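Derivation of every value follows stated rules applied to the coordinates shown; laboratory data play no part. Computed from a prediction, not measured in an experiment: that's the story for all the values here. Reconstructed Cβ throughout: ideal geometry from the backbone, glycine too, with neighbour counts over all protein chains shown.
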Amino acid sequence: MAIAGGGFAGRTLALALAKFAPQGFRIVLIDAEPAQAHGSVAGDARALALSAATKNLLSTLELWQELAPSAQAIEGIEITDSGLNAALRPHFLGFNAEFKNGAAKAHMVEHSALSSVLAGAVAKAQAIEILAPQTVAGYVADAFTVAAKLGSGKTIEASLLVAADGKRSLLRERAGIKCVGWSYPQMGIVTTVAHARPHHGKAVQHFLPSGPFAILPLKGNRSSVVWTEDKERGEAIMALDGTGFVAELTTRFGHRLGEIALAGPRQSFPLDMQIARALVADRLALIGDAAHVVHPLAGQGLNIGMRDVAALAETVIDATRLGLDIGTLPSLERYERWRRFDSAFSAVVMDGLNRLFSNDNAPLRALRDLALGLVDRAPALKRFLVSEAAGATGTLPHLLKGEPI
Ligand SMILES: Cc1cc2nc3c(=O)[nH]c(=O)nc-3n(C[C@H](O)[C@H](O)[C@H](O)COP(=O)(O)OP(=O)(O)OC[C@H]3O[C@@H](n4cnc5c(N)ncnc54)[C@H](O)[C@@H]3O)c2cc1C
């Protein structure tokens, strides 16, 4: 099998196949970035909220053990949409008791930590051949094989080609698969903040008129900030000097955790919602951001991609064990059926939440505060929402349940 794209989705799929596919199964991982770029501390300011299901997957691949010392458990979430100059910021919806059962807990990990654990494991896996830096420039599929054309002019033949090449996926375009979606008039600003007081594992989601402002706990007295702003204002904030930036940050961060200081670089990201109209084509399967991009307000993008990884790995391994051709449509349709609804539904829910909260319309605000308050008093509904976010509902592939394939 050939995998185009060595981001989190592509590398995790390669590792799942290397671990569980029958002996002799070969994987070629082709990535545009040099292998050493993954895991460099300076690479990416993001931290990722990993769901319980993603943690199960990483544990089954024996990667979680390495990541655990640097992962911070989320012990509770407070959601508010109070005004920035309100003396108090009361929360309208909180999740605390629902996290007491550790199985549902999400964990925060820094981008560089996850990236270097995956890169280290890929480098050690004998079944994986890495071609990096190298691009896949196109492909040709016939009844028996697919030939991936590399930027170098070389060709790699395989039974199946996986497009894990991110949201601007060239392979998706070459396959003629269109997307439904749009760019948000917002941008995501990400940074790390050190604070005087401990966070006790509490995450805060503050819905502001220009977009959600999330404070997510990291190890030590540090938090990751994911700050959605409308584009124009966001660009002006990114252009401020250090003092100006910290002043804007402090207005939103508040004083709950005492004095704050920047503890990492600031970085901004364009935000899109995008759903591919199909997840498969002749001898091609899409995973991760190549298949769907969601608003980061609930930290679900990669978790949804990991659900693709688990479903595709199981589909391919089952077909291989039965001696079937993994690149044929019946095999790929199983993957598509498994993932189609969940990925589209998740993108639509994130989009709806962003629209509902990213505005200052007074009647709508009163209505949503009422709704949040009602949810807050409905323990069964809260437990359901937590298990949805944990990725623990629906027919789960084995890896997401922490089971080998
Ligand atoms: C601000 C922000 C915060 C986020 N927070 C969270 C969070 O808390 N939790 C969460 O689950 N998700 C989060 N996400 C989403 C998450 O970061 C992405 O979903 C995830 O990184 C996508 O991984 P991927 O491997 O699918 O794609 P990518 O990371 O885009 O990787 C694609 C890879 O393919 C390579 N490539 C591209 N073209 C080619 C080609 N032609 N040939 C070969 N290689 C190619 C690229 O070099 C890259 O290495 C967040 C996103 C943003 C913007």
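Once the Cα atoms of helix 301-321 and of the chain are each reduced to a long axis, what angle between those two axes, in degrees from 0 to 90 to the nearest 10, is obtained?
20 degrees
Arranged from highest to lowest average of other beta-carbon atoms within 10 Å per residue, in what order do the peptides 115-121, 322-328 appear? Each step should come with its number before you reach the end.
Numbers: 115-121: 20.3, 322-328: 15.1.
Answer by packing, highest mean first, reads 115-121, 322-328.
Taking the Cα of A239, stepping 7 Å toward and past its beta carbon, and measuring to each backbone N in region 186-211: which are under 16 Å?
Correct set: 187.
Note the per residue figure in Å³ for the convex hull of the C-alpha positions in region 246-285. Don't jump to the answer; show the numbers that get you there.
Numbers: hull volume 6.5 nm³, N = 40.
Dividing the Cα hull volume of region 246-285 by its residue count gives 163 Å³.
In cubic angstrom, how much convex hull volume per residue do the alpha carbon atoms of region 165-230 span?
On the way: hull volume 8.3 nm³, N = 66.
Residue-normalised Cα hull volume stands at 126 Å³.
Under the classification rounded if a/c is under 1.5, otherwise prolate if a/b is larger than b/c and oblate if not, where does the chain fall, given a ≥ b ≥ c as square roots of the Cα gyration tensor eigenvalues? If you can, show how the numbers build up before the last one.
Values: a/c = 1.80, a/b = 1.70, b/c = 1.06.
The shape class here is prolate.
Hey, what angle do you get for helix 379-389 against the long axis of the chain, alpha-carbon based, 0 to 90 degrees rounded to 10?
40 degrees
As I understand it, the value is the acute angle between the Cα axis of helix 8-20 and the longest principal axis of the Cα atoms of the chain; what does it come to in degrees, rounded to 10?
Its long axis makes an angle of about 50 degrees.
Once you place label points 7 Å from the Cα toward the Cβ at A278 and Q36, how far apart are they in nm?
4.2 nm
What is the packing order of peptides 1-11, 292-302, 140-150, 70-80, taking the mean over residues of other C-beta atoms within 10 Å and listing the highest first?
Values: 1-11: 26.4, 292-302: 24.3, 140-150: 15.4, 70-80: 19.5.
The peptides rank, most packed first, as 1-11, 292-302, 70-80, 140-150.
Starting with the highest mean, order 20-26, 221-227, 349-355 by the number of other Cβ atoms within 10 Å, averaged over the residues of each peptide.
Working: 20-26: 12.9, 221-227: 22.7, 349-355: 16.7.
With the highest mean Cβ count within 10 Å placed first, the list reads 221-227, 349-355, 20-26.
As an exercise, identify the GluC sites (Glu not before Pro) in region 227-309 lying in DSSP coil whose Cβ has no more than 12 other Cβ atoms within 10 Å.
Numbers: sites: E229, E232, E235, E248, E259; in loops: E259.
Here the GluC sites (Glu not before Pro) that fit, given the DSSP loop and packing criteria, are E259.
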